[in-house]
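The values are calculated or read from the model by the stated rules, or taken from the named source; none is laboratory data. None of these values were measured; they are calculated from a predicted model. Quick reminder, even Gly has a Cβ in these numbers, built from the backbone with ideal geometry, and neighbours come from all protein chains shown. SASA here: full protein model, heavy atoms, side chains in, ligands and nucleic acids out. Shrake-Rupley method; radii C 1.70, N 1.55, O 1.52, S 1.80 Å.
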Number of protein chains: 2
Amino acid sequence: MSKASDLAYARIRQGITAGEWSPGTPLREEELAALCGVSRTPVREALRRLEAEYLVRRTEGARSFVADWSADDVAEMFALRAILEGHAAARAATRITPEAIGKLQALNAEVHASCGTDDTDRFLAANRGFHAIVLEAAASPRLAQMLGALVEQPVVRRTAQRYGRGEFVRSHAEHAALIEAFLARDAQWAQSTMTGHIRRAFHAFVAVSGSED
Amino acid sequence: MSKASDLAYARIRQGITAGEWSPGTPLREEELAALCGVSRTPVREALRRLEAEYLVRRTEGARSFVADWSADDVAEMFALRAILEGHAAARAATRITPEAIGKLQALNAEVHASCGTDDTDRFLAANRGFHAIVLEAAASPRLAQMLGALVEQPVVRRTAQRYGRGEFVRSHAEHAALIEAFLARDAQWAQSTMTGHIRRAFHAFVAVSGSED
DNA sequence: CCCCGCCATATTGTATACAATAGCGCATGC
DNA sequence: GCATGCGCTATTGTATACAATATGGCGGGG
């Protein structure tokens, strides 16, 4: 999209995902416009986009706030991710190219490297890249759009800071299994592995988020 | 949303879904604004919403057109519907109230009534209502939003005009089975039935759309 | 004859002014 | 003291003017 609109989108999104503004914070158009150095028009467009990604919530009276995810919201999100990413893995299994598998191996090596550190951002970046490659190999634009709106939620990022290295190791092993399934071109195996991966991540999240707030 | 924006959305959506403008038709903001009797601002918002529903397609240059669905697009849409509606049915099975089941029975009676006619619109309206109740019973707002953007595509509506009464009868029987599964509170049965229902509908669509255009 | 680049213009993007409306506090009456 | 209704104010919705940009045709060159 166009310059000002994209700028406002990126800036507001960053403010939300980086935790600059906590959930429930009101987002006034004029204030955001001043912050981004643009007029209200592109800010309004950005807010609509962010609302579609569940990062912004609007009241009946059309006021905007930083979205506040309940435990139920998170559970729903993981349930949908488990289904959709599982489907993506199944599709990818019969479509993925050797080059893409190479990228997966490289990204999973990066995940492995992060196992020796406590660098959560590094792990998350490699993990995100891995899932993005799988999604791309699934070759289903609407599926990609749906999942795009689901992942990368601030709640997940916040609690990820509490993951231990054990989480990194588990993810690495599951990713490796997925790569095996891809090499075998086994859709069912790939799907099961991915769905299990997401479900386990959900329970890791629950275990770690218990004492949040 | 607000008045002018909603009006523009409803009017443009109608123009697309009713087939007033065929796929590929350019949608100029000023022209639509004049047609709806509002300014370009609410028209722009309406176009963004319709784009999210895959009813409008935008070029790199940001011009808008009535979306043109390829056979692959339709196949992808049905694949996603089969998964997501199957999931919705599974969730609904353990959550649905007796009142909602009553509504399903009433709507399926309406489907049955349409079996004796060639009134496709009547069948489609009852069918749409039936699926909406299931989705509501699934109690998953994000799932509802995803499916909302997927169903009610003009291509489907167009080819539905060619469905024979056999299609109506099949749908009625499958809906009846789904109600049975709900009464038994059997999530797996409900999911299988719904997924099968959508997949069969897909093949009915393919069979009927072969000679289109 | 075809291809490429430039320019006119159609179309969208942004800013700003104004209108409508929702939220909120205060005063008033019970 | 509390509820309720009114009016002010903050905030969003809409219209319009202007800026930026893509598009398509036309002319020149290969």
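Here are the numbers for this structure:
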{"read-out": "Residue that is within 26 Å of residue A:14 (Cβ to Cβ) and of a type in the set (Gly, Ala, Ser), where the choices are A:137, A:67, A:75", "value": "A:67"}
{"read-out": "Test result for residue B:37, open to solvent by 50 Å² or more (accessible area, probe 1.4 Å) and not hydrophobic (A, V, I, L, M, F, W, C)", "value": "yes"}
{"read-out": "Matching entry among A:75, A:71, A:79, A:52 (being open to solvent by 70 Å² or more (accessible area, probe 1.4 Å) and more than 16 Å from DNA strand C (Cβ to nearest atom))", "value": "A:71"}
{"read-out": "Residue match in region A:120-129 (condition: over 30 Å from residue A:68 (Cα atoms) and surrounded by 15 or more Cβ atoms within 10 Å (Cβ to Cβ))", "value": "no"}
{"read-out": "Some residue of region A:44-60 being farther than 24 Å from residue B:146 by Cα, part of a helix (DSSP H, G or I) and within 13 Å of chain B (Cβ to nearest Cβ)", "value": "no"}
{"read-out": "Failed item, numbered, when residue B:99 is tested on (1) part of a helix (DSSP H, G or I); (2) open to solvent by less than 10 Å² (accessible area, probe 1.4 Å)", "value": "(2)"}
{"read-out": "Meets criteria (in contact with a strand residue (DSSP E or B) (Cβ under 7 Å, 6 or more places away or on another chain), assigned by TED's automatic domain parsing to the domain that holds residue A:12, of a type in the set (Lys, Arg) and open to solvent by 20 Å² or more (accessible area, probe 1.4 Å)) for residue A:57", "value": "yes"}
{"read-out": "Pick from region B:1-34, criterion assigned to a helix (DSSP H, G or I) and of a type in the set (S, T, N, Q), ranking: surrounded by the fewest Cβ atoms within 10 Å (Cβ to Cβ)", "value": "B:14"}
{"read-out": "Residues located in region B:45-69, provided they are more than 9 Å from DNA strand D (Cβ to nearest atom) and of a type in the set (Lys, Arg)", "value": "B:48, B:49, B:57, B:58"}
{"read-out": "Enumeration of residues in region A:2-42 that are at pLDDT 95 or above, within 14 Å of chain B (Cβ to nearest Cβ) and within 13 Å of DNA strand D (Cβ to nearest atom)", "value": "A:4, A:5, A:6, A:29, A:39, A:40, A:41, A:42"}
{"read-out": "Residues (on the phi > 0 side of the Ramachandran plot and away from chain B (no Cβ under 14 Å)) located in region A:120-163", "value": "A:152"}
{"read-out": "Filter pass, residue B:207 being within 14 Å of chain A (Cβ to nearest Cβ) and surrounded by fewer than 21 Cβ atoms within 10 Å (Cβ to Cβ)", "value": "no"}
{"read-out": "Given (1) aliphatic (A, V, I, L, M); (2) more than 22 Å from residue B:139 (Cβ to Cβ); (3) away from DNA strand C (no atom under 16 Å from the Cβ); (4) within 13 Å of another protein chain (Cβ to nearest Cβ), index of the condition residue A:101 fails", "value": "(4)"}
{"read-out": "Unmet criterion (only one of (1) more than 11 Å from every other protein chain (Cβ to nearest Cβ); (2) within 14 Å of DNA strand D (Cβ to nearest atom); (3) surrounded by fewer than 14 Cβ atoms within 10 Å (Cβ to Cβ)) for residue A:117", "value": "(2)"}
